[in-house]
Amino acid sequence: MFKKEMTCIVCPRGCILTVTKKDGDYQVEGNLCKRGINYGIKEVINPVRQVTSTVKIEDSIHPRLPVVTDKEISKDLIFEVMDEINKVTLKAPIHYRDIIIKNICGTDVNIIASRSMDHI
């Protein structure tokens with residue numbers, strides 16, 4: 001039997017979930033909403049996260065541009081993705097939702113601009 005406790009991050013309540021696996025079936029306890037069930041099971045099977053960061057940008061009023069993944073990625077790949085993001089230097093102008101890095105780390109996930117940045 002498998003058992004894991006975690007804090008649910010789907011909503012602000014922060015329920016303490018207990019996920020157990022017995023005879024191939026997952027059960028979640030401690031959730032106050034149905035979304036906690038899905039979160040608990042997904043977190044045990046394949047935890048994923050959306051990554052937010054910044055990249056260097058030249059010829060702009062600000063030195064860094066905020067970026068985000070357009071889909072969630074496996075939690076195991078976060079450091080590899082961050083290594084690739086940290087290699088990037090852009091030149092302004094950049095527009096909101098421009099693709100900054102396509103198919104990062106072979107994941108079919110893109111790094112996109114989360115705001116526009118004009119040339120100075």
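Every number here is computed from the coordinates shown, using simple stated rules; none is lab data. A quick note: this is a predicted structure, and the numbers were derived from the prediction, not measured. Ideal geometry is used to build each Cβ from the backbone, glycine not excepted, and the neighbour counts take in all protein chains shown.
If I take all pairs of Cα atoms in the range 52-113, what percentage of them are more than 12 Å from each other?
Within the range 52-113, distances greater than 12 Å cover 64 percent of Cα pairs.
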Can you compute the FRET efficiency between residue 32 and residue 114 using 1/(1 + (r/R0)^6), with r the Cβ-Cβ distance and R0 = 30 Å? Round to the nearest 0.05. 0.45
Residue-wise HN-Hα coupling along the range 21-32, computed from phi with Karplus coefficients 6.51, -1.76, 1.60 (Hz; x: Gly, Pro): 10, 9, 6, x, 10, 9, 10, 10, 10, x, 7, 9
Helix-only [θ] at 222 nm, the chain, -39500 (n - 2.57) per DSSP H run of 4+, per residue, nearest 500, equals -5000 deg cm²/dmol
Note to self: C-alpha centroids of the range 105-120 and the range 23-50 sit apart, in Å, by 30
When the chain is modelled as a GNM with alpha-carbon springs shorter than 10 Å, which of 32, 77, 90 fluctuates the most? 32
Name the residue, out of 68, 44, 81, whose mean-square fluctuation peaks in a Gaussian network model built on the chain with Cα pairs under 10 Å. 44
Rg from C-alpha atoms of the range 2-45, normalised by the globular rule of thumb 2.2 N^0.38 Å, equals 1.02
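Could you tell me the ratio Rg/Rh of the chain? Both radii from Cα atoms, Rh via Kirkwood.
Ratio of gyration radius to Kirkwood radius: 1.13.
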Rounded to the nearest 10, the angle in degrees between the Cα long axis of helix 34-45 and the longest principal axis of the Cα atoms of the chain comes to 80
Considering only Cα-Cα distances, which of the following residue pairs are longer than 28 Å: 4/56; 21/75; 34/71? 4/56
